[in-house]
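What follows is a short report on a single structure.
Values in this text are rule-based calculations from the coordinates and carry no lab data. These numbers come from a predicted model, not from an experiment. Note that each Cβ is placed from the backbone with ideal geometry, even for glycine, and that neighbours are counted across all protein chains shown.
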Amino acid sequence: MAASDSTASGLRAVLIATAIVGALGYAIQLLAPALLADESVYVAFSVFWSTLYLGVSAMSGVQQEVTRAAHPAAHEPPNAVLRTFTLAAAGVVVVASAVVALVFGGRILPGSAVVTGVVLAVGLVGYLVVAVLSGVLYGLRLWGAIAWLMILDAAIRAVLLTVGFALQLPIGWLALLIAVPFVLAFGIVWLVIRRRVVGAFRLDVPLGRFAAHAWGTVGAAAASGVLITGLPMLIGITAAGSPPETLGALLLTITLTRAPIVVPIIALQSFLISAVFRGGRVRTARLIQILAALLAVVAVLAVAAAFIGPPIVSWVSAGRFEIAGWMVSVVVLSAGLVAAMSVTSPALISARRHTANLVGWLVAALLTIGALLLPVDASTGIAVALTVPAFVGLVIQAIALTRHPAKAGDPSATVTA
């Protein structure tokens with residue numbers, strides 16, 4: 001695992017890792033609808049995946065804040081700041097997993113609520129430690145270690161789930177195979193990189209302020225997760241009475257179309273904070289150019305998706321699922337809006353404008369939930385939920401950046417980490 005290196009080499013390492021991770025995750029999503037026993041099992045698999053990764057999305061806020069706060073510092077004496085925060089956060093995660101399992105257990109994972117809670121806790125605590133370690137590695141710019149952590153997690157999950165599909169394991173075991181790779185990947189990388197991390201960094205804020213920033217960023221990340229990874233869970237819960245083939249078609253379409261657009265941008269958020277927007281340096285004109293180019297590409301993809309999307313969905317699902325072309329276009333367009341928010345978000349975080357970042361994502365998340373509960377037909381409600389909230393959230397974040405140009409961070413207490 002390479003030492004700290006240039007921004008260019010870091011971007012290359014993270015992009016390569018992101019491509020590998022995306023390909024492995026995409027392969028699993030392509031295999032699932034064809035190899036799982038029936039439509040109901042696929043819906044359960046998708047809803048659990050979505051639930052777990054909604055939590056992962058939330059805790060990516062921890063990674064972003066650790067990335068922002070961690071700075072290289074030679075021979076820093078170790079202390080318990082980050083460890084204390086991590087242990088407290090792990091306790092919150094375990095309690096949250098139990099509550100979710102008790103309230104929604106049967107809708108998330110068929111069977112015992114205890115099994116749902118345990119598997120969720122294993123996955124989410126596992127990702128929490130991955131997020132903390134990743135944030136430190138981004139702060140130290142140890143790009144090689146970051147890339148290996150990403151790749152190991154995805155590779156272990158792909159291997160385990162492929163075996164699980166082949167053996168036709170019950171959904172509870174498949175859920176565990178989705179969750180446990182976080183723990184395994186962290187353990188492997190930590191054993192290799194530990195000596196180069198301990199005492200090599202400091203946090204630029206004390207524990208109290210760090211925790212406040214982190215929880216604010218987690219709130220924004222959780223709200224963003226509703227628009228990204230949490231949609232299948234929300235749709236599965238709010239449209240539980242719909243036929244499995246209808247739900248399966250929509251969930252597969254969201255998985256196939258959103259992942260290539262949104263996931264790469266999400267994976268680069270910590271890189272944007274560490275190397276592009278470091279210290280709150282955001283050039284408004286450049287940001288507008290990036291967003292315009294992104295949305296223009298997505299608009300073209302949305303038009304093409306109306307024609308090629310339905311046959312692809314049918315082919316991938318071995319003829320099980322069918323969907324209208326206009327709905328595929330809506331899903332693609334909504335992915336572009338969320339990807340745009342995922343660019344403005346790290347700009348706000350870098351400028352320590354956590355409140356504005358949180359408001360943008362929170363408003364979008366609440367509007368999404370509200371749209372799914374509208375007393376209209378399922379297709380209309382889902383189309384509104386996919387597009388309008390993300391557009392409103394993007395406007396809120398863009399206005400925040402325009403009215404309050406990002407400046408270098410304000411003076412804060414500096415502590416060792």
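Table for the structure above
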{"quantity": "Within a Gaussian network of the chain (alpha carbon springs, distance under 10 Å), most fluctuating of Val132, Val94, Val66", "calculated": "Val94"}
{"quantity": "Ranked packing of 319-332, 161-174, most packed first, by mean Cβ within 10 Å", "calculated": "319-332, 161-174"}
{"quantity": "Relative contact order of the stretch 39-185, defined on C-alpha pairs under 8 angstrom at six or more residues apart (%)", "calculated": "34"}
{"quantity": "P(r) tail fraction, the stretch 30-107 - alpha-carbon pairs more than 18 Å apart, %", "calculated": "60"}
{"quantity": "Calculated from backbone phi, Karplus (6.51, -1.76, 1.60) coupling profile of the stretch 123-135 in Hz, x at Gly/Pro", "calculated": "x, 6, 5, x, 6, 4, 5, 5, 5, 5, 4, 4, x"}
{"quantity": "Equivalent ellipsoid, the stretch 187-267 (semi-axes from 5 times Cα gyration tensor eigenvalues, Å)", "calculated": "37, 18, 12"}
{"quantity": "Mean projected area in nm² (Cα convex hull; one quarter of hull surface) for the chain", "calculated": "18.4"}
{"quantity": "Selected from Ser314, Ser342, Ser97 as most flexible by GNM, with the chain as the system and alpha-carbon contacts under 10 Å", "calculated": "Ser314"}
{"quantity": "Along each principal axis, Cα extent of the stretch 78-228, largest first, Å", "calculated": "47, 31, 27"}
{"quantity": "Estimated inter-spin distance, Ala166 and Ala212, nm [label 7 Å along Cα→Cβ]", "calculated": "5.4"}
{"quantity": "Equivalent ellipsoid, the stretch 1-157 (semi-axes from 5 times Cα gyration tensor eigenvalues, Å)", "calculated": "32, 22, 9"}
{"quantity": "Virtual spin-label span in nm between Ile308 and Ile290, 7 Å along Cα→Cβ", "calculated": "2.7"}
{"quantity": "20 Å cut-off, amide nitrogen to a point 7 angstrom out along Arg195 Cα→Cβ, residues in the stretch 142-179", "calculated": "142-146, 148-149"}
{"quantity": "Rh by Kirkwood over Cα pairs, then Stokes-Einstein D for the stretch 310-378 at 1.306 mPa s and 10 °C, µm²/s", "calculated": "108"}
{"quantity": "Debye equation applied to the C-alpha atoms of the stretch 291-331, log10 I(q)/I(0) at 0.18, 0.21, 0.29, 0.31 Å⁻¹", "calculated": "-0.50, -0.62, -0.88, -0.95"}
